[in-house]
1. Which residue pairs have Cβ atoms under 9 Å apart, sit 6 or more places apart or on different chains, and have a first residue in the range B:56-68 that is polar (S, T, N, Q) and a second that is open to solvent by 90 Å² or more (accessible area, probe 1.4 Å) and modelled with pLDDT under 90?
2. Would you pick out the residues in the range A:29-46 that are open to solvent by less than 60 Å² (accessible area, probe 1.4 Å), within 11 Å of chain B (Cβ to nearest Cβ) and in contact with an Asp or Glu (Cβ under 8 Å, 6 or more places away or on another chain)?
3. Among B:Thr134, B:Thr93, B:Thr161, B:Thr157, which is the only one that is modelled with pLDDT of 95 or more and closer than 22 Å to B:Tyr35 by Cα?
4. Select from the range A:69-85 the residues that are in contact (Cβ under 8 Å) with a residue 60 or more places away in the chain and not charged (D, E, K, R) and list them in ascending order.
5. Pick out the one residue from A:Thr10, A:Thr74 that is open to solvent by less than 20 Å² (accessible area, probe 1.4 Å), at pLDDT below 95 and among the β-branched types (Val, Ile, Thr).
6. Go through the range A:56-71 and report how many residues are among the acidic types (Asp, Glu) and either open to solvent by 90 Å² or more (accessible area, probe 1.4 Å) or not in a strand (DSSP E or B) (or both).
7. Yes or no: A:Phe128 touching a Gly at 6+ places or on another chain (Cβ under 8 Å) and more than 11 Å from every other protein chain (Cβ to nearest Cβ)?
8. Using the structure shown, decide if B:Ile126 is buried (at least 16 other Cβ atoms within 10 Å of the Cβ), without any contact (Cβ under 8 Å) to a residue 60 or more places away in the chain and in a helix (DSSP H, G or I).
There are 2 protein chains.
Amino acid sequence: MNYPGGLKKTFKKIYSHKNRGMALEEELNLTCHYYLSKHIAVIHKKPTPICVVKVDYTNKDALIKEAFFEKPSTTDYNGIYKGRYIDFEAKETTNQNYFPLSNIHDHQIKHLEDIINMGGIGFLIIRFTTLNLTYYLDGSKLLEFIKNENRKSVPITYFQTFGYLIKDGLNPRIDFLKIIDNLYFKGE
Amino acid sequence: MNYPGGLKKTFKKIYSHKNRGMALEEELNLTCHYYLSKHIAVIHKKPTPICVVKVDYTNKDALIKEAFFEKPSTTDYNGIYKGRYIDFEAKETTNQNYFPLSNIHDHQIKHLEDIINMGGIGFLIIRFTTLNLTYYLDGSKLLEFIKNENRKSVPITYFQTFGYLIKDGLNPRIDFLKIIDNLYFKGE
């Protein structure tokens, strides 16, 4: 029996998630929820931008019958920590040696640049899923790489040299604010 | 002929927008775009949260076939200005004498409170459409009202006394940062 495309994709997705443990996004959402509940930081994931085409209003709750996913114009997560504006994009890659820059849209990179110029804290959280390694890469280091290199992918050695490994934790699971404390609030 | 509910709603929406000029959301988006293009501030509207139920993957671009609108857990707009975190909710009301608090969810009010406690700048932009008056109300004043009053709506006199009228402009159309300059950056 041939499954329609949708079903196959769903099966694949669930299977791959199972294989590599919890997905980065879920872990980050739990982390942000922990920060919020402990009054440490207010950071939320933005909803996925969706363009709604057709809506059925016949029932009490409007039902969307046709819509499609749009390209995000900003990064996924933003919020506030110790009075500072926080902004980051999180991505997973199955590559073992490099992170392909095609995973991040040009306007997302432009957005991170704008944020840094405004005095905000902008960065990436990149997980190499097959190695189970999660790195923090400061936005300034990402922009430096793009400025100086012609390569379309960032080698893992760049993350090892200029990024910071985030150790898995229980609660919070991905304690990226620890790295921000060291980078931005060391004297405090 | 009886139109289905959906069509009627669409007609009504377009008609009412026409009646009162450009909708507040559109004007705020133009304002934020102006701020961004002039490197004054980076403020974006968050996408509407939508829960996707059914997706058709048969074509190259995934098509959403079933979804519904979710309640937002945060405010609509956030970003950064002069290094400070900015967060606000914008709402219109056709009422002439008061703004009904039912227009703002409890967790949005809680969110504004969290933001203020973290050192961010949180506020409301409320337009009384029939009067064509748009007010800035600082988050602190909203929280004070909720704490001290049992009323389920904020009278326009409260906006006149504790808020700030935002004059219509051409570019930017709703220059709310002018008010923030006066409130938060006066000494600079």
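The values are calculated or read from the model by the stated rules, or taken from the named source; none is laboratory data. Bear in mind that the values here come from a model prediction, so they are computed numbers and not experimental data. Backbone-built Cβ (ideal geometry, glycine too); neighbour counts: all protein chains shown. Just the protein is used for accessible areas: all its heavy atoms, side chains included, with ligands, DNA and RNA removed. Shrake-Rupley method; radii C 1.70, N 1.55, O 1.52, S 1.80 Å.
1. none
2. Residues satisfying the conditions are A:Leu36, A:Val42, A:Lys45, A:Lys46.
3. Criteria check complete, one pass: B:Thr134.
4. The answer is A:Tyr81, and nothing else.
5. Working: A:Thr10 fails: open to solvent by less than 20 Å² (accessible area, probe 1.4 Å).
After ruling out the rest, the residue left standing is A:Thr74.
6. Pass one, the range A:56-71, residues among the acidic types (Asp, Glu): A:56, A:61, A:66, A:70.
Among the residues that remain, those that are also either open to solvent by 90 Å² or more (accessible area, probe 1.4 Å) or not in a strand (DSSP E or B) (or both) are: A:61, A:70.
Looking only at that region, the number is 2.
7. So A:Phe128 fails the test.
8. No; evaluated as a whole, the condition is false for this residue.
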